[in-house]
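Reviewing the structure listed below.
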Amino acid sequence: MYRTHTCGELRVTQVNEMVTLAGWVQTVRKFGAITFVDLRDRYGITQLLFGEELNTVLDSNPLGREFVLQVQGKVQERSNKNTHIPTGEIELNVVSFAILNKSAVPPFTIQDDTDGGDDLRMKYRFLDLRRNAVKKNLELRYAVNRSARNYLHENGFMDIETPFLIKSTPEGARDFVVPSRMNAGQFYALPQSPQTFKQLLMVSGYDRYYQIVKCFRDEDLRADRQPEFTQIDCEMAFVEQEDILNMFEGLVKQIFKDVKNINYADQVERMTWEDAMWQFGNDKPDIRFGMQLANLKSAFLKGGKIQANGELINGAGFGVFDNAETVLAIAAPGCAEYTRKQTDELTEWVKRPQIGMQGLVYIKCNADGTYKSSVDKFYAEEKLKAIADAAGAKVGDLVLILAGREERTRKAISDLRLEMGKRLGMRKEDVFKLLWVMDFPLFEYAEEDNRWVARHHPFTSPKPDHIDIMINNNPLIENADKYLEHPYSNIKANAYDMVLNGNEIGGGSIRIYQRPLQEKMFAALGMTEEEALHKFGFLLGAFEYGAPPHGGIAFGFDRLCSILGGSESIRDFIAFPKNNSGRDVMLDAPSAIDEKQFDELQIKLNLK
Ligand code: ASP
C-alpha cells in the first residue's frame, strides 16, 4: 500500500498513529541536525520531520523540490502550530522513507503566487496544475458539472452523446474540418454545437436531453474564447418558452446553491432585447447597478419608431451634437467633484482604440446647485440642467456624454458605464445577478453580403405573431442603407439569453418544427432550395415524420465556471487550454503532419 492517508487528512486526533503518506516535496528546510519537509498532494500539505538519524541518510540522498516521496512515521502534535492549514497542528515524525521518483528543478515555483509567466506555465501545464490556485478552479468546475448533472437527472433529462465527426454546414462561425482517408477528398466537420442532433433526438421522442459537451469553432480568438469549449447543452419537447425559462433558472439556482452556497431566492429578472439596448447599450447588461443610458438623440429603432430627445441638445451651435447620429449619456453618481485631471483621464480612456470615440463631454452637477460643463460655451446653465435631468443626474453627479455613429457610440457608452461601475465599486464580485434577455431580433443584417443572417441560428422560430411578416415579405434588401426599414428587421425571435453579471452564460430558443417554415427560413437567409436540401436535408426530412414542438438552451460551461470562480479568464478553468492564437504550447499543436499522412489522405498542401 502506497499510503494510508492523504496529505490533507491528519489531525491531532490521530496523534501517535503510525501512518504512511506519499506526495511531492514542496519545500525542504534544514535546521542543523533536523530537516522539515512539506509534503504535498491533491488534498493538502503535511509537515514531515526528519530527525537526526534520518538526516544523515538525507545528506547522502538529498531531496529536491517536486521529488515524489513515500514516508512512514508517527503523527505528533506540533509545538509550533500553523493555523493557516488544516493539518497545521500536527507533523509526521518520519521513521523511514523512499524516494519514489526524482524531479528535475521545476521551471517555476509550484505555489499560489508563482514566479512563472503565462507561457511558461502553459508549456508545463502538468506542473501548473499542481498549484493550489489552478486545482481550486478545476474542483469548482467539477462541482458545477456534478450539480448540473444531478439537477438534470432529477428532472428526467437523459445524457445522450452525439457525434464529433459531422457534416460541414458553416453558418455562424467557421467549421474545423477533418479530412477523411476512407473517402478521399471529402471532409468531416467538428460540431459547432450538437444543435441539429438534439433537435433530431426530440423528433425521436427523447423529450429531455442534455450533454456536457465539447463544441468547436474556428474563430479569431479573444481572451475569453477557446477554439474548443464546453457547453451544458439541453433540449426539451412539448414545451413553451416559459417552461424552458423556469427549468433552466432552476438549474442555475441549483448550481449557485451547490457550488457557492447561495440561496438565489429572487425571481430572475426579464428584459426585452430592445430595452437592454436602449437602457444599457448592450444585450447582456450588468444589472448589479443602475446608471442607465439617457438617449439624448438616437437613430436607434425602438418599437419601430425613431426615438430621440434631440431637440434638447440640437441647435446650440455645438456641431458635435448637432451632426451626430446618436448622443448618449450616463450619470456617474457622486462624481461631480472630479478634478480636471480625472475628467481628462476619462477623455483619454474613451479615445483609446478599443473604445474609439473622438472625445467626451461632461456636465458637473455641483453641490451648490450650479452646473459646469466642458461645453459651457454652447449651452446656458438652464440647458445644462435640462440635459442633466434628462440623464437622470442628481446633485453631486457627473454626466458623461458621448456622441457619434449609432453602433459605436452605444457600445462605447456601454463600456464606459461598466468602467465607471467598476471604478465606483458597483460591480461587486460576491453579488450575483441573473437576467433573461428576450425577444431578440430574428435576423441581423450582414453588410458584406447584403443579406439577412440568423441572429441566433437558422432553427430559431419567429414569434408566432411575426410569422406572417416572414411569409408575406420578400427577403431581398433593395436599399442596404435602409435595411432597418425592411419588415424583416422588425421580426422578433422566440429566443432568450441568460445573463449573469454582464456576461452571457447561456442562450437558446424555441425551434421551428415544421418543414415549410424551416424552408422559408433557409430561403430568407439566401439559401436556394438545393443548398438547403444539400446542407439540411436530413432535418427537413425528419420534420416530415412527426416532429414535436421543442426548444432548448446551451450554457457556456467554461464561462459559467470562471464567473462563479471570480475570474475573467475561462482558460483558468480548463485543464489544458489553448493560448490566444489557438495553440497548445505544451503539445506544440497545431503542427505539420508527415508526408505519409498527406499521401494517405491524398492531399497536397498548397500554402498561399
Ligand atoms: N446550439 C445553440 C448555441 O450553441 C444553443 C441553443 O440554441 O440551444 O448557441
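Just so you know, all these numbers are worked out from the coordinates, no wet-lab data involved. For clarity, every value in this text was computed on a predicted model and none was experimentally measured. Don't worry about glycine lacking a Cβ; one is built from the backbone with ideal geometry, like all the others, and counts go over all protein chains shown.
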Nearest-ten-degree value, helix 515-524 long axis tilted from longest Cα axis of the chain: 80 degrees
Computed over the Cα atoms of region 277-425, what is the ratio Rg over Rh, Rh following Kirkwood? 0.93
3J(HN,Hα) from dihedral phi, region 207-213, Karplus parametrisation 6.51/-1.76/1.60, rounded to Hz, x for glycine, proline: 6, 9, 10, 8, 7, 9, 9
Region 1-120: relative contact order from alpha carbon pairs under 8 Å, six or more residues apart, as a whole percent, is 26 percent
Rounded, prolate or oblate: pick one for region 33-95, where a ≥ b ≥ c are the square roots of the eigenvalues of its C-alpha gyration tensor, a/c under 1.5 means rounded, and failing that, prolate if a/b is larger than b/c, else oblate. oblate
Theoretical ellipticity at 222 nm over the chain - DSSP helices of four or more residues, -39500 (n - 2.57) apiece, nearest 500: -8000 deg cm²/dmol
Once the Cβ-Cβ distance between Asn263 and Ala480 is put in as r, and R0 is 45 Å, what FRET efficiency do you end up with, to the nearest 0.05? 0.30
Note, region 144-152: 3J(HN,Hα) by Karplus (6.51, -1.76, 1.60, θ = phi - 60°), whole Hz, Gly/Pro = x, goes 5, 4, 5, 5, 4, 4, 4, 4, 5
List every residue whose amide H lies under 5 Å from the amide H of Thr460, counting only residues 5 or more places away in sequence or on a different chain, with H placed 1.01 Å from N in the peptide plane. Ile512
The chain - percent relative contact order, Cα under 8 Å, separation 6 or more: 13 percent
Of the peptides 93-105, 483-495, how do they stack up when ordered by the mean number of other Cβ atoms within 10 Å, highest first? 483-495, 93-105
If one compares the long axis through the Cα atoms of helix 381-390 with the longest principal axis of the Cα atoms of the chain, the angle in degrees, nearest 10, works out at 70 degrees
Pull up the cross-link candidates among the lysines for Lys364, meaning alpha carbon to alpha carbon under 24 Å and not fewer than 8 places away within one chain. Lys297, Lys341, Lys351, Lys372, Lys377, Lys383, Lys385, Lys394, Lys411, Lys422
Give me the percent relative contact order of region 463-586, please, defined on Cα pairs under 8 angstrom at least 6 residues apart. 20 percent
Between rounded, prolate and oblate, where does region 136-192 land on the alpha carbon gyration tensor, with a ≥ b ≥ c its root eigenvalues, rounded for a/c under 1.5, else prolate if a/b exceeds b/c? prolate
Post the alpha-carbon centroid distance, region 253-290 to region 117-172, in whole angstrom. 24 Å
Rounded to a whole number, what is D in µm²/s for region 114-219 from Stokes-Einstein with the Kirkwood radius over alpha-carbon pairs (20 °C, 1.002 mPa s)? 126 µm²/s
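From the convex hull of the Cα coordinates of the chain, what is the mean projected area in square nanometres? Could the numbers behind the result be given before it?
Details: hull surface 149.0 nm².
The orientation-averaged projected area of the Cα hull of the chain comes to 37.2 nm².
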Tell me the net charge near Pro464. Cut-off is 12 Å between Cβ atoms, Pro464 excluded, with +1 for each Lys or Arg and -1 for each Asp or Glu. -1
Per-residue HN-Hα couplings for region 241-253 [Karplus 6.51, -1.76, 1.60; θ = phi - 60°; Hz; x = Gly/Pro]: 3, 4, 4, 5, 4, 5, 4, 8, 6, x, 4, 5, 5
Just the Kirkwood number for region 391-491, please: inverse of mean 1/r across all distinct Cα pairs, in Å, one decimal. 17.2 Å
